[in-house]
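Single-structure report; data block below.
The values are calculated or read from the model by the stated rules, or taken from the named source; none is laboratory data. Just so you know, these numbers come straight off a predicted model, no measurement behind them. All Cβ positions, even for glycine, are placed from backbone atoms using ideal geometry, and neighbour counts span all protein chains on display.
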Amino acid sequence: MNTNERFFYEPRKGHGLPHNPLNAIIGPRPIGWISTRNAQGKRNLAPYSFFNCFNYDPPLIGFASTAWKDSVANIVETGEFVWNLTTRTLAEQMNLTSAALPRGTDEFEFAGLTPMAGNIVAADRVAESPVNFECKLTQCIQLTAANGDKIDTWLVLGEVVAVHIEKHLLSADGIYQTALAEPVLRAGGPSAYYGISDEQRFDLHRPTL
C-alpha cells in the first residue's frame with residue numbers, strides 16, 4: 001500500500017479542504033432528534049448529528065451539543081428528554097427544527113409537528129415519529145481536548161426508561177425491521193443525508209471459537 005497516495009492532515013493545523021471530512025468519514029450517523037421541556041413547561045425540539053447508543057443494560061443513549069444550547073439546558077434543569085426517530089417522510093420537518101429560532105419558540109409548532117405526552121417523562125414525543133425513547137439524564141459531561149483544555153461541547157447521556165414502536169415495524173417473529181422505518185442518517189458536507197434499504201443489507205454472524 002502506497003501511503004504517499006493518502007491525503008494527510010493534522011486537525012489542529014487545519015485540513016485545507018472545502019469542508020471538514022471528519023463527519024463524512026464517520027458516517028452515515030444516526031440523528032439525535034431531541035425533544036425537551038424546561039422547568040416552566042416550554043417545549044424545545046432540535047436535531048443533533050453526534051448521537052448514538054452506548055449500552056444495552058441499562059440502555060443508554062447520548063448526544064453531543066456544540067455549545068450550551070436549549071436542549072442541554074432543559075435536560076440539566078429537568079433531568080428528562082425524548083429521542084425521536086427521524087424517517088425519510090419527516091426529514092424536511094426535522095431540518096426545520098434545526099433553524100436558529102428566537103428563544104422560547106416552539107419548534108413543534110414551527111415545523112408542523114404534533115406533541116404527544118410521554119408515559120414516564122414530562123418531555124413530549126413527536127407523534128409523527130414511529131419510534132420514541134423516553135429518557136432520564138444520567139450524565140452531562142463537558143468534553144476536553146487531549147491537553148486537558150475544556151471545550152464548549154457537552155455530552156448528554158440518558159437512560160432509556162420507555163420505548164414506543166409502531167407495531168408495523170415489528171415482524172411476525174418480533175424482530176424490529178430497521179429498513180422498513182426508513183431512517184434518515186447524516187453524512188458529510190453541509191447538506192448530505194442518506195437512507196437505507198433492504199437491498200443494502202448483508203448478514204454476519206459472530207464467530208465461535
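Can we say Leu113 is modelled with pLDDT of 95 or more, aliphatic (A, V, I, L, M) and touching a strand residue (DSSP E or B) at 6+ places or on another chain (Cβ under 8 Å)?
yes
Please go through segment 91-100 and pick out each residue that is part of a loop (DSSP other than H, G, I, E, B) and within 17 Å of Asp124 (Cβ to Cβ).
Result: Thr97, single match.
Any residue in segment 88-101 that is surrounded by 16 or more Cβ atoms within 10 Å (Cβ to Cβ) sitting within a Cβ distance under 6 Å of a residue that is part of a helix (DSSP H, G or I) and modelled with pLDDT of 95 or more? List the pairs, counting only those 6 or more apart or interchain.
Taking only residues 6 or more apart or on different chains, the pairs are Thr97/Glu107.
Quick grid of which residues meet (1) under 25 Å from Ala187 (Cα atoms); (2) surrounded by fewer than 16 Cβ atoms within 10 Å (Cβ to Cβ); (3) over 13 Å from the mean Cα position of the chain (by Cα):
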site: Leu22; (1), (2), (3): yes, yes, yes
site: Pro28; (1), (2), (3): yes, no, no
site: Ala39; (1), (2), (3): no, yes, yes
site: Pro47; (1), (2), (3): yes, no, no
site: Pro58; (1), (2), (3): no, yes, yes
site: Asp70; (1), (2), (3): yes, no, yes
site: Val76; (1), (2), (3): no, yes, yes
site: Glu80; (1), (2), (3): no, no, yes
site: Leu85; (1), (2), (3): yes, no, no
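Would you check which residues across segment 24-59 are touching a strand residue (DSSP E or B) at 6+ places or on another chain (Cβ under 7 Å), of a type in the set (A, V, I, L, M) and assigned to a loop (DSSP other than H, G, I, E, B) and list them?
Hit for segment 24-59 is Ile31, nothing else.
To keep it simple, each residue is scored yes or no on (1) aliphatic (A, V, I, L, M); (2) in a strand (DSSP E or B); (3) touching a strand residue (DSSP E or B) at 6+ places or on another chain (Cβ under 9 Å).
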position: Glu109; (1), (2), (3): no, no, yes
position: Asn119; (1), (2), (3): no, no, yes
position: Asn132; (1), (2), (3): no, yes, yes
position: Cys135; (1), (2), (3): no, yes, yes
position: Cys140; (1), (2), (3): no, yes, yes
position: Asp152; (1), (2), (3): no, yes, yes
position: Leu157; (1), (2), (3): yes, yes, yes
position: Gly174; (1), (2), (3): no, no, no
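Return the pairs, sorted by first residue and then second, in which the second residue is outside any strand (DSSP E or B) and aromatic (Phe, Trp, Tyr), the first residue lies in segment 10-38 and is modelled with pLDDT of 90 or more, the beta carbons are less than 7 Å apart, and the residues are 6+ apart or on different chains.
Within 7 Å, the pairs are His15/Tyr9; Gly16/Tyr9.
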